[in-house]
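Here's the structure we're looking at; comments come further down.
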Amino acid sequence: MTLNLAGQFRALVMAAAIGLATAPVAHAADAAIPTTPEAGSFKIGIEPWLGYGQWHVAEAKGLFKTNGLSDVQIVNFAEDKDINAALASGQLDAANIATHTAMGMVAAGLPVKIVLLLDVSMTADAIVAGKDVTSVADLKGKQVAFEEGTTSDILLKYALARNGMSVADIQPVPMPAADAGGALIAGQVPVAVTYEPYLTVAMAQNKDVKLLFTAGEDPGLISDVLVVRDEVIKSRPGQVLAMIKSWDAALKDYNADTAGGRAIIAKAVGSDVKDLNTAFDGVRYYSLAENKTALTGEFTTKTFADVEAAAKNAKLLQADVTPEQMIDPSFVKAAQ
């Protein structure tokens, strides 16, 4: 997903200045959050990524209504720039985005908060290489295909930095993540950075292609979160709480009937479930209980700093942000 956000969001925030200038701070952790959702619709932006799939399960199984939400509108977007613009302009109440995208939003002045950690990529994002490359150190001087300004960019530069290198030590070959694996298979480059299902396709078509470095080396580096506009957190906290409960109920349903849940999600993202099984295996969904621990623990104390540093290193984030500025764990606590 394209994440060069600062200029875009500054413009959007200025355009929406009247509506957002007086946006409130996050819902206080000790404030009473109503257990009954407020009336009215709740609009959530989504893209065709399986990490957001539990919302589709919740919709298919009627779990929004079970939790008191009579009108949840899942609004589909094909590109980051469109979902980002819709959130900034107030057309959406909430959105599913990458953690470093959320950081870019807040750094640009958009008043949103992370209220839920949705998923973490473990092996669904990776650097893959042919037989002549066996370590990250071997990337020195090599051509590497990756999509600039994306999660692939974040992962590559993180791996290089961890091995005492930078992008200056390789030969970048910019191209879409969807094409990077194909370039590796065709012998055009010795190394590629991409994500599922392109990883599985590359390894299936060439037995010499292997995973060299995965996002799971630092769980949470490539992760997705639910962000909600501050105005919605203040005016409709009951809806926010009900949405979080619905995610957890959907995940419980998914864990009880994984095959059925995967079928629902695959249909929603427009793929055959057989083509996504490896991708599903490479993603870890986060439950409500796990969120309670993560949002007040390691995600805040370690992962946040790792993502921020990686985003800055990839030149996708130009300003400092803090967990206190961005994370509101009160809804996860209230849902327990």
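The values are calculated or read from the model by the stated rules, or taken from the named source; none is laboratory data. All figures in this text were calculated on a predicted structure; none of them were measured in a lab. Here the Cβ positions follow ideal geometry from the backbone for every residue, glycine too, while neighbour counts run over all protein chains shown. Ligands, DNA and RNA are stripped out before the accessible areas are found, and what is left, the full protein with its side chains, is counted by its heavy atoms. Shrake-Rupley method; radii C 1.70, N 1.55, O 1.52, S 1.80 Å.
Tabulated data for the structure shown
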item: In segment 125-158, the trypsin sites (Lys or Arg not before Pro) that fall in loop regions by DSSP, at most 13 other Cβ within 10 Å; result: Lys131, Lys140
item: Positive-pole candidate from Val227, Thr150, Val283, dipole of the chain, charges at beta carbon; result: Val227
item: Longest exposed-site-free window of the chain, the sites being GluC sites (Glu not before Pro) in a DSSP loop that have at most 16 other C-beta atoms within 10 Å; result: 80-336
item: The chain, accessible surface, carbon-and-sulfur percent (1.4 angstrom probe); result: 52
item: Quarter of the Cα convex hull surface for segment 245-336, i.e. its orientation-mean projected area (nm²); result: 7.7
item: Per-selection Rg to Rh, segment 143-267 - Cα, Kirkwood hydrodynamic radius; result: 1.10
item: Per-q log10 I(q)/I(0), segment 125-217, q = 0.15, 0.20, 0.21 Å⁻¹ (Debye; single scatterer per alpha-carbon; no solvent); result: -0.44, -0.83, -0.93
item: For a label point 7 Å along the Cα-to-beta-carbon line of Lys207, residues of segment 129-169 with backbone N under 14 Å; result: 131
item: Segment 235-336: trypsin sites (Lys or Arg not before Pro) in DSSP coil with no more than 14 other Cβ atoms inside 10 Å; result: Lys315
item: Nearest-ten-degree value, helix 6-15 long axis tilted from longest Cα axis of the chain; result: 20
item: Surface per residue (accessible, 1.4 Å probe) for the chain, Å²; result: 40
item: 5 Å binning of all Cα-Cα separations within segment 45-132, expressed as whole percents from 0 upward; result: 3, 11, 20, 22, 18, 12, 7, 3, 2, 1, 0, 0
item: Range of Cα positions in the chain per principal axis (Å), largest first; result: 59, 43, 33
item: Sequence-distant lysines (8 or more away, or on other chains) whose Cα lies within less than 17 Å of Lys252; result: Lys61, Lys65, Lys292
item: Under 14 Å from Lys245, Cα to Cα: aspartates and glutamates that are on another chain or at least 8 residues apart; result: Glu59, Asp253, Glu290
item: Extension reserve of the Glu217-Thr293 stretch, reckoned as 0.36 nm per residue once the Cα distance is removed; result: 25.3 nm
item: For the chain, share of DSSP beta bridges that run antiparallel, in % to the nearest 5; result: 65
item: Restraint check, Lys113/Lys315; Lys131/Lys312; Lys43/Lys315; Lys210/Lys312, Cα-Cα greater than 24 Å; result: Lys131/Lys312; Lys43/Lys315; Lys210/Lys312
